[in-house]
1. Starting from the Cα of GLN73, move 7 Å in the Cα-to-Cβ direction to define the label point; list residues of the range 102-131 whose amide nitrogen is under 17 Å from there.
2. May I ask you to compute the full-extension gain from TYR30 to ASN65, defined as 0.36 nm times their residue separation minus their alpha-carbon distance, rounded to one decimal in nm?
3. Could you report the accessible area of HIS83 in Å², rounded to 10, computed with a 1.4 Å probe on the protein chains as they sit in the structure?
4. From zero outward in steps of 10 Å, how is the percent of C-alpha pairs of the range 10-63 spread across the bins?
5. Based on DSSP, what percent of beta bridges with both residues in the chain are antiparallel, to the nearest 5?
6. Quickly estimate the mean residue ellipticity at 222 nm for the chain, helices only: each DSSP H run with n ≥ 4 gives -39500 (n - 2.57), and the total goes over all residues, rounded to 500.
7. Based on the Kirkwood radius over alpha-carbon pairs, what is the Stokes-Einstein translational diffusion coefficient of the range 48-137 at 10 °C with 1.306 mPa s viscosity, in µm²/s?
8. Report, largest value first, the span of the C-alpha coordinates of the chain along each principal axis, in whole Å.
Amino acid sequence: MQWTNAVDRHLMELIEDGTLKKLQQGLYYYPKQSTFGQVPPDEKELVRSFLKAKDFLLTSPNAYNSLGVGTTQLYNKRIVYNHKRHGIFQLGNKFFDFKIVPHYPKKVTPEYLLVDLAGNMESLAEDPVELTTRLFSLMEKIDKNTLMKLFNYYGNAKARKLYQDFLRRSEN
């Protein structure tokens, strides 16, 4: 912007000659080339530019598959936990579901995924009864004090309710 007095005109020229690609109003990227063609922008950089912040957690329901609780579906969805925006936004050719939550870790961990899964089971294609049984089996392998801290800090209301159900079940 410091080298032009006609930003809009110069942006249009750069888009027309292929130097820049427009992703959304006010959001552009410089496409890199590989031997297979243009490389899409890095998702983390894209979200960082969109939010104008570095504090967010980018994940996907596909990450639940790593827990070994029977989630096998593949989802074309990215979830962004943050403190600024909420809603579903299309950035380029991908959709990102931005959710405002009070707490999230700096990076995705299995423990966080367990709590996140407990709070988001209804949005998955798997059978919730079977998934709950498998989730309870996984929770039995984790120290109860650690579980309590995780669910109280990261869990939404649904996750905390599931944790209470787990405690009642494990006491019987």
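1. Residues 116-131 qualify, since their backbone N sits under 17 Å from the label point.
2. The span from TYR30 to ASN65 would gain 9.3 nm if fully extended.
3. Using a 1.4 Å probe on the heavy atoms, I get roughly 90 Å².
4. 20, 42, 31, 7, 0
5. 75 percent
6. -12500 deg cm²/dmol
7. 114 µm²/s
8. Its Cα atoms span 72, 32, 22 Å along the three principal axes.
The values are calculated or read from the model by the stated rules, or taken from the named source; none is laboratory data. The shown structure was predicted, so the numbers you read here are calculated from the model rather than taken from an experiment. Because the Cβ atoms are built from the backbone with ideal geometry, glycine has one as well, and the counts that use them run over all protein chains shown. All accessible areas refer to the heavy atoms of the entire protein, side chains included, with ligands and DNA or RNA removed. Shrake-Rupley method; radii C 1.70, N 1.55, O 1.52, S 1.80 Å.
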